[in-house]
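Working notes, structure below.
The values are calculated or read from the model by the stated rules, or taken from the named source; none is laboratory data. All values derive from a computational prediction rather than experimental measurement. Here the Cβ positions follow ideal geometry from the backbone for every residue, glycine too, while neighbour counts run over all protein chains shown.
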Amino acid sequence: MRALKYFEWLSTTTITANGNTRTSAVYVSGTEQITLFVNITEVSGTSPTLDLYIDVYDDVTEQWYELAHVGTFTATGTTPHNISVNGGQCFALRWVVGGTSPSFKIKIGAEFRGE
C-alpha cells in the first residue's frame with residue numbers, strides 16, 4: 001500500500017461548542033486506509049469531550065455518511081488512528097463537542113493510503 005496524499009486536515013485550531021462541525025471535503029481516489037494524527041495541546045471547560053468522526057460523501061444520494069468514529073478525547077496528547085476505507089473518494093472530518101464551556105486546541109494531519 002502506498003501513500004496517496006498527506007493532508008493537514010486542521011491547522012492549529014480552537015474547537016468549541018460554537019464552532020463548525022465539519023471540514024471541507026477532501027477528494028482522494030483509491031483510498032483504502034486513512035491514518036489520522038491527532039495532536040491536542042490545550043483542553044479547558046468542565047467535563048469537556050471531543051468526538052471525532054470521518055464521514056464519506058455519496059454522489060448518488062447527495063448525503064454524508066459516517067465512515068468511522070475516531071474516538072472520544074478529554075485531555076491533551078498525540079495519537080495516531082487507523083481507519084479502513086471500503087469505498088468512497090470524498091471525505092470530511094466531523095466533530096461533536098460536549099461539556100460546559102468546552103475548548104480544545106487541536107491540530108490534525110492525515111495520510112491517505114491505497115494500492
- Task: Please find, within the range 1-37, the residue that is nearest to Trp64 (Cα to Cα) out of those that are among the charged types (D, E, K, R) and assigned to a strand (DSSP E or B).
- Result: Arg22
- Residues of the range 70-115 classified as surrounded by fewer than 12 Cβ atoms within 10 Å (Cβ to Cβ), under 15 Å from the mean Cα position of the chain (by Cα) and within 22 Å of Val28 (Cβ to Cβ), total: 2
- Item | Identity of the residue in the range 51-69, within 15 Å of Tyr27 (Cα to Cα) and of a type in the set (A, V, I, L, M), that ends up nearest to the chain's Cα centre (by Cα) | Ile54
- Scan of the range 52-69 for residues that are crowded, with 17+ Cβ neighbours inside 10 Å and not hydroxyl-bearing (Ser, Thr, Tyr), ordered by number: Leu52, Ile54, Asp55, Val56, Trp64, Leu67, Ala68
- Item | Meets criteria (within 11 Å of the chain's Cα centre (by Cα), outside any loop (DSSP other than H, G, I, E, B), of a type in the set (Gly, Ala, Ser) and over 13 Å from Lys107 (Cα atoms)) for Gly45 | no
- Taking the range 15-47 only, how many residues are surrounded by 12 or more Cβ atoms within 10 Å (Cβ to Cβ), under 10 Å from Ser103 (Cα atoms) and modelled with pLDDT of 95 or more? 3
- Message: Residues to consider are Tyr57, Tyr53; find the one that is assigned to a strand (DSSP E or B), touching a residue at least 12 places away in the same chain (Cβ under 8 Å) and touching a Cys at 6+ places or on another chain (Cβ under 8 Å).
- Response: Tyr57
